[in-house]
Every structure is written in structure tokens, then in C-alpha cells.
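Below is one structure, written out as C-alpha cells, with a few remarks after it.
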Amino acid sequence: MRERGGTWRFRLVGLLMTAAVTGLLFRLYMLHVVAGVAGPADLARGRSYARDLRGNRGRILESGPFRNTLALNVDRKDICIDPRPLQKQDLVSRAARVLAEELDLDVDALAVRFSRPGSQFAYVKRFVSLEEAERITQLDLPGIFLRDSVVRHYPLGSFLCHVLGFVNWQGVGSSGIEQRLNSLLTGTSGVRLELLDSGRREIPDRRLREVLPQPGADVVLTIDQTVQNLVEQALDDAMQEHNARAAWAVAQRVRTGEILAMASRPAFDGNEFISSSEDQRLNRAIGKVFEPGSVMKPVVIAAAINEGRITPASVFDCENGLWYHARRPLRDYSPHGRLSVTEIMQKSSNIGTAKIALELGEPRLEQYLREFGFGSRTGVDLPGEERGILHPHRRWSALCSSRIAIGQGVATTALQMLNAINAIANGGYLMQPYIVREVRRHGDGELLYRGEPNVLRRPITARTAAEVMAMMHRVTEPGGTGRAARLDSVSVAGKTGTGQKAVDGRYSDTAYTAAFVGFFPAETPEISMIVVVDEPKPRYTGGAVAAPVFRQIAEPLVRYLDIADPATRLARTPQDGFSE
Amino acid sequence: MNRTRRRAVKTRRGPMVPIPFTVFIALVATGALFYLWLCGKCDQLGRMLQEAEQEQVVLQRRFQHESLKWANLRAPENISVSLDRHDLTMGWPTREQIVRLYDVNVEHTYSVVGLRSNMR
């Protein structure tokens, strides 16, 4: 019995030891042959490597029903080269020719780059698509290698370019929302500490440490891509039709102050920002100040009515088109005799409005203008906003108040002007315009920020606002200067403006800024909008140039936003059926 | 008695391995095999992880690609181009052209236009 048991144990031990030794030999084979760790020298070479893990930049989305993506990060490759093998094998000119053909580059520039003595590294082309990079590697040129890179991509090209801005090559937002919300959009990087084998591949089961990256937050704008598209198309048409130097427009929701569209021409493609000029990159809606001309008149008239100095029925002598004040002449576009305040607004009489401003007095005029937001930034969540120019009344000459009343001697941005008119349309409440609807964390969608309506102040009463709205409605009626902005579907209230541009310290007789600012429906405003066309030719008045652009945008906008004219509106409740 | 002693002497002739040593060797061998199994498992899991990471990168790139295509498809300008390509002229409907369906159980007020013509 003992002999048989001993043999059995011996065999078992032998078997186990054979299995263990075989296993260890197999492991050694895997380490030395498959993983390539040949010996102590290779083991020393195999070292830990800290790989940066990039936290992707967040997306920017529009607020329309599609929530379409306006900006996102995409993977690209940098094609790089170590020129030494090319130089050794005398392949510089051939490689330069082949690469130039494949990548649409200048062959001479490449040849110079590849011929630099002692150079170990040069970019051939940066941010190429993965397919293009694959094609280049198949050329099998010596010294060519690829590096991972990421690029900010704007799928719709120049669409909404001034609001979105762009990201520079270091991945930092450099204008627009990309700049303003850079800290939220930028993700936090992670790190992976890897142990590499002699082939510099990560040994799969030897990962030392990993901190995962956090992607940047997604930003949803208040911009609706359909509205934006309507505005951009209309501006493109206006630029072409009127041979204009520039054009810009902003559309805003009256009750909330949220911006539905903001466009400026000329524009640029954010994907190729490097080739754009400063003029193209300027967001004129907030970054360009201009003398608003007659679009300023509703604000001055609202101030005078609010102070009880005039009523819509008050009558002023418009001096048949020529009036001297402080020894300087003031002219109307067409001569008028005695006009009521409503008619002054409708016919855009400079003389009538100047007299109203004098009636109001300089301190009050300045106070109201400041309360309407002139001379200070609106606080919209975009960088590069100008504050405009409004000097304190102590520095005004005797002429100033009569000229400020007609939009000269004061400079505003389009957004400031729109926001002031918006206050009139909103029962006197001045809203803070905003363009960011919400910011959500990528992945779990946690809300980090929500843009909400914010009342800044109330410069005029609801009654004053209603009276001025009624007067502005008359501007688009027959006999008014803004007839071209009239819509078939809903009533429009607004004001035209034609500003003479100052050239070499004098008002030019050839360079004008045509503007129209308005809102609809006139009785219960929902949308307000401003259109400005810079140096249109040959027609140059706000009524002839900007008002038709306003109409071109507003007509489809009314249908898209399903805005009803209060005159034909029916109210229905499920309980009591329909009632007029 | 004598028979028994003779048999015992015979059994001592085979290779003698003490039981504690056998147990020790068995434990070591089992430990070694377990270690090898663990190594293999870690290696396998590491490779799976790497493959999953590579697959994630591929999927992310595909997602990016599809996101781009989708964003372009939904761009109003491209929709217009597509409509033009097929000779389709489309515009936003007027309020009179819209038929509205309401849920009578929902308590809220609607603002509608043109219902009179629809109700006739």
C-alpha cells in the first residue's frame, strides 16, 4: 500500500512541477518573444510614459427644434517629417513634389523645409483629415509620420460666425462665445501612466495610473438657426442689391430680451479664421458704433411724453423744412408746416424732434438716454461689446440736444438701439439681452447655467410706451417713412433712420447709414428687430434700403414663429369653446 | 506476523516522498499555476481594455463624422439647396393653412387664427 501511495505522490509532484515549469517557460516566452522584452537592457529601456488624455471641448448648439450643432471638435492628423532620411537618400525633391501634389501645397516651400541641414522635425501639413493622412502614409516616404491633433470645426462654415467666434491653434477661444465661455467649453485633461515595452507599446496589464479627462460643457444658444438663416440671407441680398460696404441685423424676443438672430456682413469662415481680415471678423451688431439718425427719435419723444412735456397730440411748427438753431441750419428731408407729435414721428421731422428735445431740456434728455442704455454696454454675453458714445450734458454745446434728438452727436451699437426700442415695445421695461440659453455638462446633462430674462430698469411708464408704440405703428402706415416694412400678415411698428457718416470731421453727403428698427405685432409685440446697412448706393435712406430688408426677414419669420395678428386672434379654452 | 514484516520491508524499496513535503510542493505548484492563471487573466483583461479603448476611439470618430453629416443635413441653407436640386419650391405656411389639433384634456388657452374658416 505504501509503495503504491508513494509512487502516486511522486507522479503527482512531478506532474505539478512539470506543469509549473512549463507555465513559467510559456510566460517567459510571452514576455521575451511576443512582448519583445529581450533582456536587462531592454527592460531598462521599457519605461513608464505619461500620456495626456484630452478632454474634448464642448459643443455649441442652436435653440431651434433641431438643436443643430454649430461647433464641435473633430480628430485630425498632423503630417510630420524627419527630413534626415530624405536627405541621406537624396529624395528631397521627389518627396516635396509628391507631397505637394497630394496635399495641394507649394512644392518649393516644402523642398526648402526638407532641405534644412540638421533639421529633425518639420510639419508637412497640419489638421488634415484621417482619410487624407491614411493616403499619405501609403506613399511610404521615408521619415514621414503622423501625430494626433484635434481641430475646432464649424460644420456650417460662416454661419453665425460672429457669435460663435473661433478657437486659435492652441485650442483657446479667441472671439465670440468661444472666448466668453472658454472656461466652460474647455474640458479638463486627464493622464494615463503607462509602462511601455521595448517596442514602445503599452504593456496591457501594466497600466500604472489613469485619471480620466472631463469633456467641456455643451452650450445652447438662444439663436434659432432658421431665424438666423433668414437674417443672413436677407443681409447677403441687401449687400448685393445696394452695393453696401457692410450690413448687420439683430432679432430679439421683446418680453425676454433673448436674441434669436445676430448677423453681420462681411463674414468669415471660422474653419479658416487665419485667412480672414479684422474687418470680416468684426461683429458689427455689438462692436461697431454708428450715429443712429432718426431711429433715435422714438426714444426722445418717449422721454418727453413720460415727463409730461408733450402729448401725442401736441403740435409743433416744423418751419417748412428749414430752421436755424444756435445759428446753425437744421433741415427736414421734405418740408412740413405744423405737425402733431404723431405726425413728426410718422414723417420723421428733424425740426419737430429737435424742438421736442429742447422742450425736454438737456439734463432730462441725458438722463433718459442713459436710462434707455445709451453710453453703457448692454451686458450681452459676448466679448467685444462697445459702450457707444454719449457725453455728459455739461459738455454739450447749445446745438447738441437738438442734434442728439435726431441721432447725431451720439453713437450707439445696433444692439443698444434695438434694446432701447425693445423697452418701448415691452411696456417700458428695459431687458438685458442674452444669447446663452443654457450650459449643460457633457454626459449626464447636468445644468450648469441657465440664461434667464432680467429686467434692468423701467425708464418709461406703460402708458407712455403704449402711446409711442401707437405712433411708431403710424410710421409703417401710408404716409409714413417705413411703409416698405409693412407686412401682409401682422401689423408692424418701427422707425426708419438715415445717418450721415462723419468723414474727415464733417458729415458726408455721399456716405450714409440706413437703418430700420421695429417690432411686430404692433399692438402686442413679440419680436423686435434692427437692420443697418452701411453706405448703400445709390439709394441710401432707411425707408428705401433697410425697411425692405426688415420686411424680407419678418414676413417668413411671422409664419415660422406662428405669430398671430391680435386683430384676428381668437382665444380658445377647452372648457368654453371659442371666443373672439 | 512474519508475513506482515516482510511486506513492510518490500514497501520501503520505492521512492519515498514525505507527505508534508508533497503537500508543500503541491501548494507551491498550485500557487505558481494560480499566479500564471492570474497573469494570463490580467493580460487578457488588459488586452480587452485596450481593444475596448481602441473601439471607443473608432466609435467616437464615427460619431463625430455622423454628427458633422447630420449637422450639415439639417442646415437651412443645405435644405434649400436640396429642395432646389429637386425643383421643389417650399415656404412657411400661413396660419390659415395650418390645421390645429388640440387635446381637450389639457387646460390652457390657445391663440389661433383662421379657426372660423376651418370650423365652417
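By the rule of a C-alpha distance below 16 Å, with chain neighbours fewer than 8 residues away ignored, the lysines paired with A:LYS77 are A:LYS125. Since only A:LEU139, A:ALA71, A:VAL112 are under comparison, the one whose Cα sits farthest along the positive direction of the charge dipole of segment A:61-141, derived from C-beta charges on Lys, Arg, Asp and Glu, is A:VAL112.
Given Cα pairs under 8 Å that are at least 6 residues apart, what percent is the relative contact order of chain A? Before the final figure, lay out the partial values.
Numbers: 1261 pairs, mean separation 77.5, N = 580.
Answer for chain A is 13 percent.
How much of the accessible area of chain A, probe 1.4 Å, is carbon plus sulfur, in whole percent? Carbon-and-sulfur percentage of accessible area, whole number: 50. The distance from the alpha carbon centre of segment A:497-551 to that of segment A:427-479 is 22 Å, rounded to a whole number.
The residues of segment A:76-153 present an accessible area of 56 Å² per residue when probed at 1.4 Å with all protein chains retained.
If you take every DSSP beta bridge fully contained in segment A:76-153, what fraction is antiparallel? Give it as a percent rounded to 5. All intermediate terms of the calculation are to be shown ahead of the outcome.
Numbers: 10 of 10 bridges.
If we restrict to bridges inside segment A:76-153, about 100 percent are antiparallel.
What average count of beta carbons from other chains do you get within 10 Å of the Cβ of residues in B:85-93? Intermediate results must be reported in sequence, preceding the final value.
Values: counts 0, 0, 0, 0, 0, 0, 4, 10, 3.
Shielding by partners across B:85-93 averages 2.
Think of a 1.4 Å ball rolled over the protein heavy atoms: segment B:18-92 then has 76 Å² of accessible area per residue.
When you look at the Cβ of every residue in A:143-156, what mean number of other chain Cβ atoms sits within 10 Å?
Working: counts 0, 0, 0, 0, 0, 1, 0, 1, 0, 0, 4, 1, 10, 7.
So the per-residue partner count for this stretch is 2.
Taking the average, over residues, of other Cβ atoms within 10 Å as the packing measure, peptides A:141-152, B:55-66 rank A:141-152, B:55-66 from highest down. Remark: mean inter-chain Cβ contacts per residue of B:47-53 equal 2, using a 10 Å Cβ-Cβ cutoff to other protein chain atoms. Using a simple spin-label model with points 7 Å from Cα along the Cα→Cβ vector, what separation in nm is obtained for A:VAL503 and A:ALA50? The answer from the label model is 6.1 nm.
For the interface of chains A and B, what total accessible area is buried with a 1.4 Å probe, rounded to the nearest 100 Å²? Working shown, then result.
Working: alone 28160 and 12200 Å², together 35540 Å².
Buried: approximately 4800 Å² between B and A.
The helix-based estimate of mean residue ellipticity at 222 nm for chain A, built from -39,500 (n - 2.57) per DSSP H run of four or more residues and divided by its residue count, is -9500 deg cm²/dmol to the nearest 500.
What does the net charge come to around A:ALA111 if you take all other residues with beta carbon closer than 14 Å to its beta carbon, with K and R at +1 and D and E at -1?
Values: positive: A:ARG94, A:ARG97, A:ARG113, A:ARG116; negative: A:ASP90, A:GLU101, A:ASP106, A:ASP108.
Net charge around A:ALA111: 0.
Using the Cβ of A:PRO83 as centre and a radius below 14 Å, the other residues enclosed give a net charge of +3, where K and R count +1 and D and E count -1. Here the convex hull built on the C-alpha positions of the protein assembly as shown has a volume of 294 cubic angstrom per residue. The packing ranking of peptides A:203-209, A:177-183, A:385-391, highest mean first, is A:177-183, A:385-391, A:203-209, where packing means the average number of other beta carbon atoms within 10 angstrom of each residue.
Rounded to the nearest percent, how much of the accessible area of segment B:18-92 (1.4 Å probe, protein heavy atoms only) is carbon and sulfur? Kindly include the intermediate steps, with their values, before the conclusion.
Details: 3840 of 5720 Å².
Carbon with sulfur: 67 percent of the solvent-accessible area.
Tell me the angle of helix A:547-560 to the major Cα principal axis of chain A, expressed in degrees between 0 and 90 and rounded to the nearest ten. It is inclined by approximately 60 degrees.
Relative to the longest principal axis of the Cα atoms of chain A, helix A:297-306 runs at roughly 70 degrees.
Taking a straight Cα-Cα cut-off under 18 Å and skipping sequence neighbours fewer than 8 places away in the same chain, the lysines within cross-link reach of A:LYS495 are A:LYS297, A:LYS347.
Determine the per residue accessible area of segment A:373-443 with all protein chains present and a 1.4 angstrom probe, expressed in square angstrom. Let's see the in-between values first.
On the way: 2220 Å² over 71 residues.
Per-residue accessible area for segment A:373-443 comes out at 31 Å².
Helix A:225-241 and the longest principal axis of the Cα set of chain A meet at an angle near 60°. Ranking A:LEU196, A:HIS473, A:PHE127 by Cα position along the charge dipole of the protein assembly as shown, where only Lys, Arg, Asp and Glu carry charges on their C-beta atoms, puts A:LEU196 farthest toward the positive end. Output the antiparallel fraction of DSSP beta bridges having both residues in the protein assembly as shown, as a percent to the nearest 5. Just about 95 percent of them are antiparallel. All other residues whose Cβ lies under 10 angstrom from that of A:GLN500 are scored, Lys and Arg at +1 and Asp and Glu at -1, for a net of 0.
Using the Cα centre as the reference, give the magnitude of the dipole from point charges on the C-beta atoms of segment B:18-92 (Lys, Arg: +1; Asp, Glu: -1; all else neutral), rounded to the nearest 20 debye.
Dipole size: approximately 180 debye.
Here's the picture: charge each Lys and Arg Cβ at +1 and each Asp and Glu Cβ at -1 in segment B:18-92, and of B:ILE19, B:LEU88, B:MET48 the one pushed furthest to the positive end of that dipole is B:ILE19.
The values are calculated or read from the model by the stated rules, or taken from the named source; none is laboratory data. None of these values were measured; they are calculated from a predicted model. In this analysis, Cβ positions are derived from the backbone assuming ideal geometry, glycine residues included, and neighbour counts consider all displayed protein chains. In case anyone asks, the SASA skips ligands and DNA or RNA and just uses the protein heavy atoms, side chains included. Shrake-Rupley method; radii C 1.70, N 1.55, O 1.52, S 1.80 Å.
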